[in-house]
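Each reported figure results from applying straightforward, stated rules to the coordinates on display, with no laboratory input. Everything numeric in this text was worked out from a predicted model, so none of it was measured. A quick note on method: Cβ atoms are made from the backbone with ideal geometry, for glycine too, and the neighbour counts reach across all protein chains shown.
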């Protein structure tokens, strides 16, 4: 749909009369990154595991800007983005009309990129920042699952002699995909509004942002339709069936033994009962009585199995039933700082996420990066962490230490290498009133960090390594 | 005395590689702009403004690979090619304004400025002809 839109912009350019084309202005710019990364774990972490992958950050972007006429302050802007992790499907990340109201003030209408954090708008353009990717704890999709919206954005920027100020506002709605609990959950953003204020000099930028999101998600049905949930439900269903069959079998055998005993008792009447009966008949009778005990025990066992399977099915239903669905809210507050004087570099940012109505954790995430330029080489160090709170379903607390170096091979190309050590956060106590605790008896929620793992769906806990090492390298370019 | 210093200066430049020609900032011969301040020029080539003395202008660049552009960026804007590229990448790919117009070489620059009365560009002093007028000489 969006691709079609951007193609339409291109087609529009082609069908314009030549006289208009002469005065018009069409510019194409692009960027690309090839990233190879590997961890030391079998579990998928973000996009990477022990086997290594090009999938995490490899991408190609093409940005086109078409201004039909120099006298009209309108431009059409599209950015087509193709990521390895999406099998190179082409996505129109931006597609908007820009109205340059004045030197200071711009209005964009269409699909606009969200200025959530310092680097959000340039998230895919590696040449503009030191790391291979901005710190995952704050910038990852698990923290902010939307990067662009259909709506409008306003951008006011004023330069003074040494300083500048900037104010941004946006409003939009869209569909979202939230990567959580090892799957992608679909939802709809009913509104998202944000205001950002930033100021600085040539070397410094300080930024404050506030973003408010309304979302609708049908989580229970999506979670219960997960393959893992289906398997679990099928297993429980199978147990119920097996226990029912076993109970029926044991019941039949018990009835058979009863009938046999009745028959034997009838046969013994002519002998005046058991005592007077011949020995073979007596033995037959004793065997039948013994089997009665065995079959009785089998009936009891089968009955217990059936009850257990039934309880499990009921509990699972209760667990899924307890997952809130419907309207949710998310509020993001963040503060960022970026300084680079050509020798020393410092970037730091903290973001607070508050969730309401849907069972995702509140998070507090942030990082600090320091670096020093040695000509074309920039070694840098980052500490980055995320703390999850107030959730019964997922705990993504973790902290990372990243040591990296960027080498500017050319003004338009940079080679980057990074080593990352990540440690998962502690387990947290669940809300005791949660059915997960009352039904399944799992008061503790372990941290899965940013591991991409499907939890055990009866406890929502999972077994992942408590730390990992990751190595990455990338070549990033603009053209 | 002054002449000696100039000679020494020129000699130095020649020794330093010979490519350090004098750069001049130029506009259409009949441009309404009389002169341009170095600070305004810097803002113009950083895309921070598109006006000189209240008049709308269009700044035009030489390609990144041009030695003259590198010299201009270094002297006027105060950024080396890497920083200039990073600055413009950030600007372009975050949607903050469009990239500047660009021409292939000095000959194309002369022609472009001859055709665009609102244009403003730069070239080596030796390339100037009657189609353009010099607004500023960068030593």
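The table for this structure:
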{"item": "Cβ-Cβ FRET estimate between residue A:218 and residue A:248, R0 fixed at 45 Å, reported to 0.05", "result": "0.75"}
{"item": "Peptides ranked, highest mean first, by Cβ atoms within 10 Å: ranges A:401-413, A:441-453", "result": "A:441-453, A:401-413"}
{"item": "The range A:76-140 shape via C-alpha gyration tensor axes, a/c threshold 1.5", "result": "oblate"}
{"item": "Helix-only [θ]222 nm of chain A, DSSP H runs n ≥ 4, -39500 (n - 2.57) each, per residue, nearest 500", "result": "-8500 deg cm²/dmol"}
{"item": "Relative contact order (%) - chain A, alpha-carbon pairs under 8 angstrom, separation at least six", "result": "14 percent"}
{"item": "Difference of contour (0.36 nm per residue) and Cα-Cα distance, residue A:169 to residue A:228", "result": "17.1 nm"}
{"item": "Cα centroid of the range A:371-394 to Cα centroid of the range A:40-106, whole Å", "result": "23 Å"}
{"item": "Spacing of the two label points (7 Å from each Cα toward its C-beta) at residue B:138 and residue A:429, in nm", "result": "6.6 nm"}
{"item": "Gain upon complete extension [residue A:88, residue A:453; 0.36 nm per residue less C-alpha separation]", "result": "129.0 nm"}
{"item": "Per-pair calculated FRET efficiency, R0 = 60 Å: residue A:199 and residue A:40 via Cβ, rounded to 0.05", "result": "0.90"}
{"item": "Value in Å of the Kirkwood radius, where the range A:228-321 supplies the Cα pairs that are averaged", "result": "15.6 Å"}
{"item": "Acute angle (nearest 10 degrees) that the helix A:2-15 long axis makes with the longest principal axis of chain A, alpha-carbon atoms", "result": "30 degrees"}
{"item": "Added length on full extension, which subtracts the Cα-Cα distance from 0.36 nm per residue, residue A:407 to residue A:262", "result": "42.9 nm"}
{"item": "Average partner coverage of B:77-83, which counts Cβ from other chains inside 10 Å", "result": "4"}
{"item": "With Cα atoms, 0 to 90° folded angle of helix A:227-268 axis to chain A main axis", "result": "0 degrees"}
{"item": "Taking the range B:22-138 and dividing mean pair separation by its residue count, relative contact order in percent (alpha carbons under 8 Å, at least six apart)", "result": "50 percent"}
{"item": "Quotient of C-alpha Rg and 2.2 N^0.38 Å, computed over the range B:22-132", "result": "1.00"}
{"item": "Shape parameters for the range A:374-479, alpha-carbon atoms, Rg then Dmax in Å", "result": "19.2, 61"}
{"item": "Relative contact order of the range A:228-321, pairs being alpha-carbon contacts under 8 Å that are 6 or more residues apart, as %", "result": "48 percent"}
{"item": "Partner chain coverage, peptide A:112-123 - average Cβ within 10 angstrom", "result": "2"}
{"item": "Space enclosed by the convex hull of the alpha-carbon atoms of chain A, per residue, Å³", "result": "181 Å³"}
{"item": "Degrees separating the helix A:279-321 axis from the principal Cα axis of chain A, which is the longest one", "result": "20 degrees"}
{"item": "Cα centroid of the range A:246-315 to Cα centroid of the range B:78-130, whole Å", "result": "99 Å"}
{"item": "Separation in nanometres of the label points that stand 7 Å from Cα toward Cβ, at residue A:50 and residue B:108", "result": "5.4 nm"}
{"item": "Point-to-point label distance, residue A:473-residue A:291, nm (Cα→Cβ direction, 7 Å offset)", "result": "7.6 nm"}
